[in-house]
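The values are calculated or read from the model by the stated rules, or taken from the named source; none is laboratory data. Because the structure is predicted, anything quoted here is derived from the model rather than measured. Virtual Cβ from ideal backbone geometry, glycine too; neighbours counted across all protein chains shown.
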Amino acid sequence: MTTQESSSNNKAAPSTQFSSRLGFFLAAVGSAVGIGNIWGFPTQTADNGGAAFVLVYLCFSFLLAWPMLIAELVIGRYGRSDPVSTLGMINPNPLLKWFGMFVGWSSTITVILIYSFYAIIAGWIICFGLAPVFSMLELDDIAKSLTSFSIVPTLITATLFMMMVASIVAGGIAEGIEKWCGRLMPALILLMLGLIGFTLTQDGAMDGLRYFLLPDFSKILNKDLLVSAMGQSFFSMSLGVGIMVVYGAYLTNNSNVPLLAASVALTDTLVAIMAGLLIIPGMFVALHHGIDIYTEEGVLKSADTLVFDVLPALFNQLGSTGVVVSLAFFALLAITALTSAISILEVPVAVMQRRHLVHRPQGAWLITVLTFILCFCMLRWFDVLFGFIVSLTTQYAMPLLSLAVCIFAGWIWSRHHKLRELQQGYPDIEHSLFWKIWPWYIRIVCPSLVLVLIWYTF
């Protein structure tokens, strides 16, 4: 059977799909809106010229992230399978087939490593969210233990977090991922809006708001700002690790992929900006309360310090109101961690299920056990492993894997098959401005931008 026939048969009777475009949208946005949007984007903004960074980030979200998001989704829908199988079927050439499967397996391993440190961060978030409650109950020893970053409470909360994710993913696409993302994303937006409203009423918040919204145009062409904005836009869309390839496989044939990708990119960007409206004014509120947000060298404190040190110190100064605000803030972080973790776990589960290794529920729990072991090792040898795995996956593996996806979408996959796939949801696309630009853009411009990011990283 030829590659095209196999793909056609997969399309005819896909075993799992999102039940609606809204379901896909909420799941994809949930994947894109991760912890990085809540603390990474605001910190990058504050450290790179405020509003100038926001402006450049907006540009790169649609100059780099959107075209690549389209590529991953359309490749996924074409293959109707996991990243390993899909990239292996793009071209029948044996060498290219081997290369595709290698990239697919590399994406799967990378995403499991990402899940391991993501679970640890989620464990910290849960610990810090619960600590004020135990303090109110005068259980100070427990509260102190929860905020000490020690192995036992972190491993317990990380395990509970992973068990929740596994139970959702084991439920399948419509009844698991789609249903829970449909519940969690509205809750996330409501929590964020409530916290923004509270923060902007505090003394010092307007100074942060001006810093966030009024750009210093002299900084826009700064090299560090440009590369940081490019990297943030790139990583915020969950590109390069097979997530959107898997979600693309669950799209219906009549879905307009460019339009859906644009809606996901736009919403992810809006949530990142909302996070900026929350965190940056919050930093200036903390400064107004005498809490230092800068190091001795005058550099903004790191994201983890701001989230786990500066903001909790601010909440402590707000009395009983601070307990409620702290719970809401860490609940917000927990929801973003959960929606992203669902999509992260789905990648290796899809690989195991589609390659007939195990059924979905067994796959979800098997990967959870493997991740638990990785989490334990990372916590046990934290100084050696944690930073190494974070850098290995986010700074090196993700850009290299995204470059490989650009090569597949732009050079290995034929123009004819790309057009046929996109026409299913957009019959007149061949005569559109999009089709005049996107094929060569994903072939030349996107790989070039990713290469710039790789060059700067290495």
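Tally time: how many residues in the range 424-458 are in contact with a Cys (Cβ under 7 Å, 6 or more places away or on another chain) and β-branched (Val, Ile, Thr)? Show your work before the answer.
Filtering the range 424-458 for residues in contact with a Cys (Cβ under 7 Å, 6 or more places away or on another chain) gives 442, 446-447, 450.
Among the residues that remain, those that are also β-branched (Val, Ile, Thr) are: 442, 450.
Residues flagged as in contact with a Cys (Cβ under 7 Å, 6 or more places away or on another chain) and β-branched (Val, Ile, Thr) within the range 424-458 amount to 2.
I need the full set of residues from the range 343-353 which are aliphatic (A, V, I, L, M) and buried (at least 24 other Cβ atoms within 10 Å of the Cβ), in order please.
If the condition is that a residue be aliphatic (A, V, I, L, M) and buried (at least 24 other Cβ atoms within 10 Å of the Cβ), then Ile344, Leu345, Val347, Val349, Ala350, Val351 are the ones that fit.
I need a count of the residues in the range 191-238 that are over 20 Å from the mean Cα position of the chain (by Cα), of a type in the set (Ser, Thr, Tyr) and part of a loop (DSSP other than H, G, I, E, B).
1
Could you tell me whether any residue of the range 396-415 is under 18 Å from the mean Cα position of the chain (by Cα) and surrounded by fewer than 16 Cβ atoms within 10 Å (Cβ to Cβ)?
Yes, that holds for at least one residue.
Does Gly276 qualify as being buried (at least 21 other Cβ atoms within 10 Å of the Cβ), in contact (Cβ under 8 Å) with a residue 24 or more places away in the chain, closer than 24 Å to Leu64 by Cβ and not charged (D, E, K, R)?
On the way: buried (at least 21 other Cβ atoms within 10 Å of the Cβ): yes; in contact (Cβ under 8 Å) with a residue 24 or more places away in the chain: yes; closer than 24 Å to Leu64 by Cβ: yes; not charged (D, E, K, R): yes.
For Gly276, the condition - buried (at least 21 other Cβ atoms within 10 Å of the Cβ), in contact (Cβ under 8 Å) with a residue 24 or more places away in the chain, closer than 24 Å to Leu64 by Cβ and not charged (D, E, K, R) - is met.
List, please: which pairs have Cβ atoms under 6 Å, are six or more places apart or on different chains, and start with a residue in the range 420-448 that is farther than 19 Å from Leu64 by Cβ and end with one that is part of a helix (DSSP H, G or I) and among the polar types (S, T, N, Q)?
Filtered contacts from the range 420-448: Ile429/Gln423.
Conditions tested, residue by residue: (1) touching a residue at least 60 places away in the same chain (Cβ under 8 Å); (2) among the aliphatic types (A, V, I, L, M); (3) buried (at least 18 other Cβ atoms within 10 Å of the Cβ); (4) touching an Asp or Glu at 6+ places or on another chain (Cβ under 9 Å).
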residue: Gln202; (1), (2), (3), (4): yes, no, yes, no
residue: Ile220; (1), (2), (3), (4): yes, yes, no, no
residue: Ala229; (1), (2), (3), (4): yes, yes, yes, no
residue: Met244; (1), (2), (3), (4): yes, yes, yes, yes
residue: Tyr294; (1), (2), (3), (4): no, no, no, no
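If only one of Ala119, Ala143, Ala131 is of a type outside the set (Phe, Trp, Tyr), in contact with a Cys (Cβ under 8 Å, 6 or more places away or on another chain) and either in a helix (DSSP H, G or I) or under 22 Å from Val324 (Cα atoms) (or both), which one is it?
Numbers: Ala143 fails: in contact with a Cys (Cβ under 8 Å, 6 or more places away or on another chain); Ala131 fails: in contact with a Cys (Cβ under 8 Å, 6 or more places away or on another chain).
So the residue among Ala119, Ala143, Ala131 that is of a type outside the set (Phe, Trp, Tyr), in contact with a Cys (Cβ under 8 Å, 6 or more places away or on another chain) and either in a helix (DSSP H, G or I) or under 22 Å from Val324 (Cα atoms) (or both) is Ala119.
What's the total number of residues in the range 84-110 that are buried (at least 20 other Cβ atoms within 10 Å of the Cβ) and of a type in the set (A, V, I, L, M)?
The number of residues fulfilling the criteria is 5.
Does Phe161 fit the bill of being closer than 23 Å to Ala313 by Cα, touching a helix residue (DSSP H, G or I) at 6+ places or on another chain (Cβ under 7 Å) and either surrounded by 15 or more Cβ atoms within 10 Å (Cβ to Cβ) or of a type outside the set (Phe, Trp, Tyr) (or both)? Outline the logic, then answer.
Values: closer than 23 Å to Ala313 by Cα: no; touching a helix residue (DSSP H, G or I) at 6+ places or on another chain (Cβ under 7 Å): yes; either surrounded by 15 or more Cβ atoms within 10 Å (Cβ to Cβ) or of a type outside the set (Phe, Trp, Tyr) (or both): yes.
For Phe161, the condition - closer than 23 Å to Ala313 by Cα, touching a helix residue (DSSP H, G or I) at 6+ places or on another chain (Cβ under 7 Å) and either surrounded by 15 or more Cβ atoms within 10 Å (Cβ to Cβ) or of a type outside the set (Phe, Trp, Tyr) (or both) - is not met.
Can you confirm whether the range 2-12 contains a residue that is at pLDDT 70 or above, of a type in the set (S, T, N, Q) and either out of contact with any strand residue (DSSP E or B) (no Cβ under 7 Å at 6 or more places or on another chain) or not in a helix (DSSP H, G or I) (or both)? Give the derivation first.
Taking the range 2-12 as the starting set, the residues that turn out to be at pLDDT 70 or above are none.
Taking every residue of the range 2-12 in turn, none turns out to be at pLDDT 70 or above, of a type in the set (S, T, N, Q) and either out of contact with any strand residue (DSSP E or B) (no Cβ under 7 Å at 6 or more places or on another chain) or not in a helix (DSSP H, G or I) (or both).
Go through (1) under 21 Å from the mean Cα position of the chain (by Cα); (2) more than 30 Å from Leu327 (Cβ to Cβ); (3) of a type in the set (A, V, I, L, M); (4) surrounded by fewer than 23 Cβ atoms within 10 Å (Cβ to Cβ) for Leu69 and report which single condition fails.
Leu69 satisfies all of (1) under 21 Å from the mean Cα position of the chain (by Cα); (2) more than 30 Å from Leu327 (Cβ to Cβ); (3) of a type in the set (A, V, I, L, M); (4) surrounded by fewer than 23 Cβ atoms within 10 Å (Cβ to Cβ) except (4).
Are any residues in the range 76-103 hydroxyl-bearing (Ser, Thr, Tyr) and part of a helix (DSSP H, G or I), and if so, which ones?
Looking only at the range 76-103, we keep the residues that are hydroxyl-bearing (Ser, Thr, Tyr), and these are 78, 81, 85-86.
Scanning the range 76-103 gives Tyr78, Ser85, Thr86.
On the given criteria, is Val264 under 22 Å from Ala409 (Cβ atoms) and either of a type outside the set (Val, Ile, Thr) or within 19 Å of the chain's Cα centre (by Cα) (or both)?
Answer is yes for this residue.
Of everything in the range 341-393 that's farther than 22 Å from Leu160 by Cα and among the basic types (Lys, Arg), which residue is modelled with the highest pLDDT?
Here the answer is Arg354.
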